[in-house]
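Here the structure is laid out as structure tokens; the discussion comes afterwards.
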Amino acid sequence: MEQLTTSLAPPRAPQKSNVAGSSQQVAGSVAKRLGNELMTLMMSSSPGISAFPKNDGNLFEWIGTIEGPADTVYAGLAFRISISFPSNYPYVAPTIKFETPCYHPNVDLTGGAICLDILQDKWSAVYSVQTILLSLQSLLGEPNNASPLNPDAAGLWNTPDAFKTQLMKHYRPLKDVTAP
Amino acid sequence: MATDALRSQVAAKWQDAFTRLNHGEPGISGLITFSQAWNLATDFLRPKNIAAANKQAYNMNSVRAALEMVNRCRRLPVLLETFLEDMRKSYYLVANDVTLYMQEYEAAQDPAVISRLVFRLLEWYTAWSPPPELGATIFSAYTLNFQTHLFSILPPTFSQAFKALCASTLPPSDPDAVPNPATQSREIWAAFDTLGLLDRYESIVASVGYEHIEAHVLATCTGEWSRPMLDELRTWMSDKMVSWMLLPYARGATNAEEARVLLQGVGSRFDFHMNKTLCDLRTREIFDIIIDFPDSMGALQDLRDCLQRVDQRAALVQSLRKANRKRLLHPGAETKLILSQYVATIKCLRIIDPPGVLLFKVADPIRRYLRERPDTIRSIVTNLVGDDDSGDSLVDENEPIQPLQQPDIEDYSDPNWEPEPIDAGPDFRANKPSDIISTLVSIYDSKDLFVKELQVLLAQRLLAITDDDTEKIERERRNIEILKIRFGEAALQVCEVMLKDMTDSKRIDGHVQSQKASIVHPTIISRHFWPSLESSDIVMPGQFQKLQEQYSQEFTIFKPDKRLRWLPHLGTVHLELQLEDRTVEADVPPLEAAFIELFSSKTVWTVDELIAGVGSVDRSAALNALITWVDLGVLKEDTEGTFRLLEVAEEPSAGPSHHVRTAPAAIELPPVTSVQQQQAEQMKVYWKFIEGMLTNLGTLPLDRIQSMLKYAPGYDRTIEQLAAFMEAARREGLVTGRDGMWRLNT
């Protein structure tokens with residue numbers, strides 16, 4: 001009886017090809033989602049945040065700009081970040097790094113890596129580029145000093161003047177991204 | 001000279017001929033008998049003038065004997081030649097007759113004359129015809145010769161006259177008219193046949209038939225669209241036309257079966273002609289037929305049936321496209337009208353051609369035109385929402401509400417799959433028959449535009465509701481529920497929020513009122529979810545401002561995280577003005593209320609002072625507002641631009657009277673920024689993208705901007721257009737351009 005059912009089961013080979021086909025479909029749907037996100041972001045006009053694909057051939061690599069929120073030490077400064085989407089986005093969070101050195105308790109000063117829960121274990125598919133950018137913007141003004149990536153910065157946070165000095169020492173104003 | 005041999009040969013020949021003619025009778029008596037017989041025979045056969053009075057009587061026996069004799073002597077061919085030659089000589093008699101009759105006809109134009117001519121010709125023909133004893137060869141030679149001569153002398157006008165005669169034998173279209181006696185027409189057709197006219201003028205006979213059919217179809221069917229005419233026409237054909245056709249086309253038939261076989265060919269030609277005539281007629285009328293739909297159902301069915309026989313599909317498309325271009329797609333036609341005609345076209349052509357090829361070809365120009373009209377979306381959406389005032393809805397109420405259909409890819413695994421019709425163009429897309437709304441929405445590439453317009457419309461309608469009219473809100477909610485089925489839940493989420501705002505406002509207002517009663521009843525809307533409302537800088541003066549502030553305070557207590565931002569220019573104010581001698585009640589827009597409030601502190605104001613008193617307002621709007629009060633007899637314009645409050649009414653009917661007048665309150669819908677300027681809107685979208693890329697990628701060359709703009713949905717501008725646009729942006733100081741590189745100004 002068991003043999004009978006197994007022989008009735010569809011052969012393995014076509015299944016494989018299905019998988020290949022669906023992965024291609026997935027890539028298409030990811031691109032579509034990213035296209036939609038770009039559209040939403042462009043139309044949302046949230047002040048101080050922005051992002052755009054790096055070049056016209058690849059929707060998976062973006063460059064973003066975050067302006068420091070007013071009434072924080074970062075006010076008046078703009079930071080460039082790179083956003084790299086995995087092929088299985090939005091089920092996995094994009095990789096985000098600060099390209100402009102950012103002196104901040106939760107940002108790695110040299111590598112630009114960011115310690116933000118929604119970019120790691122708290123990631124969910126409902127987040128979008130816009131929500132990430134907004135979260136990063138608010139992270140600038142409200143760092144999580146409990147788990148610092150840059151302990152010096154965490155230590156200085158409560159003395160804004162000293163912090164600002166350090167910040168300005170490392171900060172470099174935006175330059176044009178060289179065209180690929 | 002002559003040799004003996006020749007001489008003897010001639011002698012032998014002569015002897016031989018002599019023996020034959022003499023029949024071996026003694027002497028030359030045989031020869032004499034033959035000569036007498038020859039004379040009698042030729043004389044008998046010689047064509048004579050039938051008009052002549054003295055008819056020579058022949059003894060038929062001797063004539064027959066004479067002919068026998070000639071035949072026996074084998075002189076018959078010579079006799080025939082002589083006879084035909086004689087006939088040629090006598091034919092002037094016939095020719096004279098023909099000329100005479102034709103002259104008469106040309107004077108009278110009466111086909112009866114021709115009929116008499118035909119019978120006269122028949123008389124000549126029978127009078128001259130050789131006796132049957134001479135055999136069929138001679139008879140047919142005679143007939144051929146007679147006809148040849150006849151055709152040579154008939155004048156060119158004869159064919160026209162013949163046609164008239166044929167037509168006169170037709171059964172009249174009018175059933176009450178006395179029909180021609182059938183016997184007479186039978187005879188005349190027989191005469192035609194005998195004289196060989198039928199073969200010679202076959203095409204004329206056919207054209208008579210065709211023209212008759214054409215005339216009948218045009219007479220009975222023009223403008224007659226309510227019922228199918230094809231069956232009636234077929235009945236008419238079999239009742240009237242067939243009995244006529246029997247005469248020219250089924251002469252030889254001895255029984256019904258044979259007649260049917262003979263008539264088959266010509267019958268189907270005539271039937272085809274009838275179909276074609278009807279088809280042509282309906283093709284010419286198609287535009288009006290569509291206007292009349294659904295009362296023109298019959299005509300459409302006819303057209304469908306005709307098109308199956310007659311290949312006139314291309315002509316129909318041509319004609320309808322031309323009519324549409326001329327009568328529909330011009331600036332004089334209302335968008336609503338074009339839409340309803342388009343919907344009717346869809347319905348009509350679906351009847352004529354279910355696969356939709358005709359529709360696709362006809363609809364294309366209409367759709368392209370509609371796409372260019374700025375108010376198409378609004379018209380469609382208004383209709384979707386079902387405005388009360390416009391009675392005729394594009395959508396059939398019986399039609400089930402269904403989700404919008406996307407044009408789907410053909411399913412070739414479907415066992416009922418059928419190839420596209422043969423005349424379908426390469427870009428033909430079969431869309432599902434039933435749903436009109438899907439078709440309308442598909443005029444545009446995306447339904448987002450509709451959803452946006454829907455929001456604007458909903459905003460206008462909700463803001464126009466005063467006095468918390470729950471019923472109206474409920475109606476809007478019902479509409480949105482229906483539209484959700486069409487556009488999908490997600491698309492209409494914003495509308496949902498807007499509706500929720502309406503009920504929430506009422507609840508919040510209820511709470512605020514319970515804390516501290518106020519006469520202000522605001523509608524609290526969530527800024528993010530409503531379409532951008534035209535803002536205004538009016539600051540309500542005096543007691544209005546106090547009322548607003550009090551309300552705001554209560555609101556802030558109730559909802560500490562929210563802040564009220566007043567839009568004082570929307571809404572209405574119910575006022576009761578207590579003047580010295582009278583009380584005036586009015587429902588007025590806020591600007592009017594603000595002005596009259598100012599007058600409570602001072603009785604004379606200039607317009608400029610008033611404008612300054614309410615913040616900032618358009619001068620013409622201010623004057624309009626003041627005129628409302630002038631009309632109500634509350635203000636008076638003393639000198640230009642100066643208004644005075646009339647504490648005492650100026651009219652003769654002055655005195656303590658109690659006016660209750662309601663000013664025409666803001667009837668027009670609240671101003672909401674319309675989505676009409678699609679072009680500008682689109683460019684705004686593209687600008688956002690350009691802004692986005694220049695912010696993040698810094699300075700970019702024009703071609704890079706152009707290629708990056710492909711991320712913007714629907715971007716279809718050329719690089720030249722983009723260059724012009726960037727140039728415009730530079731003039732506005734938004735960007736800096738140097739060496740073809742563009743940089744955003746910060």
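Can you give the accessible area of B:Met540, probe radius 1.4 Å, in Å² rounded to 10?
Only protein atoms counted, so the area is about 10 Å².
Please report the carbon-and-sulfur percent of the accessible area for region B:206-350; probe 1.4 Å, protein heavy atoms only, DNA, RNA and ligands left out.
52
Using the Kirkwood formula on the Cα atoms of region B:244-283, what hydrodynamic radius do you get, in angstrom to one decimal?
In region B:244-283 this quantity evaluates to 11.0 Å.
Starting from the Cα-Cα distance between B:Val497 and B:Asp375, subtract it from 0.36 nm times their residue separation and give me the gain in nm to one decimal.
Using 0.36 nm per residue and subtracting the Cα-Cα distance, I get 41.4 nm.
Taking amide H positions as placed in the peptide plane 1.01 Å from N, state which residues far from B:Leu635 in sequence (5 or more) or on other chains have amide H under 5 Å from it.
The list, which skips near neighbours in sequence, is B:Val630, B:Leu646.
How big, on average over all directions, is the shadow cast by the Cα convex hull of region B:451-502, in nm²?
Projected over every direction and averaged, the Cα hull of region B:451-502 covers 3.1 nm².
Would you mind pulling out the separation of the Cα centroids of region A:112-127 and region B:514-585, in Å?
44
For region B:241-386, what does the relative contact order come out to in percent, with C-alpha contacts under 8 Å and a separation of six or more?
21 percent.
Students often forget the sequence filter, so: which lysines lie under 20 Å Cα-Cα from A:Lys122 once same-chain residues fewer than 8 apart are removed?
Hits, sequence-local ones excluded: A:Lys97.
Which percent of the accessible area of region B:1-146 is formed by carbon and sulfur heavy atoms (probe 1.4 angstrom)?
Within region B:1-146, the accessible surface is 58 percent carbon and sulfur.
Determine the total buried accessible area between chain A and chain B, counting protein heavy atoms only with a 1.4 Å probe; round to the nearest 100 Å².
Using a 1.4 Å probe, the pair buries roughly 1700 Å².
Label points 7 Å out from Cα along the Cβ direction at B:Lys710 and B:Ser203: separation in nm?
6.3
Treat each spin label as a single point 7 Å out from the Cα along the C-beta direction, and report the B:Thr137 to B:Arg325 distance in nm.
It works out to 6.9 nm between the two label points.
Given the peptides A:145-152, B:447-454, arrange them by the average over their residues of other C-beta atoms within 10 Å, most packed first.
Ranked by mean Cβ neighbours within 10 Å, highest first: B:447-454, A:145-152.
Just to confirm a number: summing +1 for Lys and Arg and -1 for Asp and Glu over residues other than B:Ile422 whose beta-carbon lies under 11 angstrom from that of B:Ile422, what do you get?
Taking every Cβ under 11 Å from that of B:Ile422, the sum is -2.
Does any residue of region A:39-60 lose at least 50 Å² of accessible area with all protein chains in place compared with its chain alone, and if so which ones (probe 1.4 Å)?
In region A:39-60, residues shielded by partner chains: A:Met39, A:Met42, A:Met43, A:Phe52, A:Asp56.
Counting Lys +1, Arg +1, Asp -1, Glu -1, what net charge surrounds B:Asn624 among other residues with beta carbon under 10 Å of its beta carbon?
Combined, the nearby Lys, Arg, Asp and Glu give -1.
What distance in nm separates the simple spin-label points at B:Glu418 and B:Glu123, each placed 7 Å from Cα in the Cβ direction?
Spacing of the two 7 Å Cα→Cβ label points: 6.6 nm.
Which of rounded, prolate, oblate describes region A:52-180, given a ≥ b ≥ c as roots of the alpha-carbon gyration tensor eigenvalues and a/c under 1.5 marking rounded, otherwise prolate only if a/b is larger than b/c?
Note, shape of region A:52-180 comes out oblate.
For B:Ala215 and B:Lys546, compute 0.36 nm times the residue count separating them, minus their Cα-Cα distance, and round to one decimal in nm.
Length difference between fully extended and current span is 110.8 nm.
Quick one: order B:Leu300, B:Leu744 from most to least accessible surface, probe 1.4 Å.
Largest accessible area first, the list is B:Leu744, B:Leu300.
Using a 1.4 angstrom probe and counting only protein chains, how large is the accessible area of B:Tyr369 in Å², to 10?
50
The values are calculated or read from the model by the stated rules, or taken from the named source; none is laboratory data. Fair warning: this is a prediction, and the values are worked out from it, not measured in the lab. Please note: Cβ atoms are built from the backbone with ideal geometry, for glycine as well, and neighbour counts cover all protein chains shown. Note: accessible area is taken over every heavy atom of the protein model, side chains too, but ligands, DNA and RNA are not part of it. Shrake-Rupley method; radii C 1.70, N 1.55, O 1.52, S 1.80 Å.
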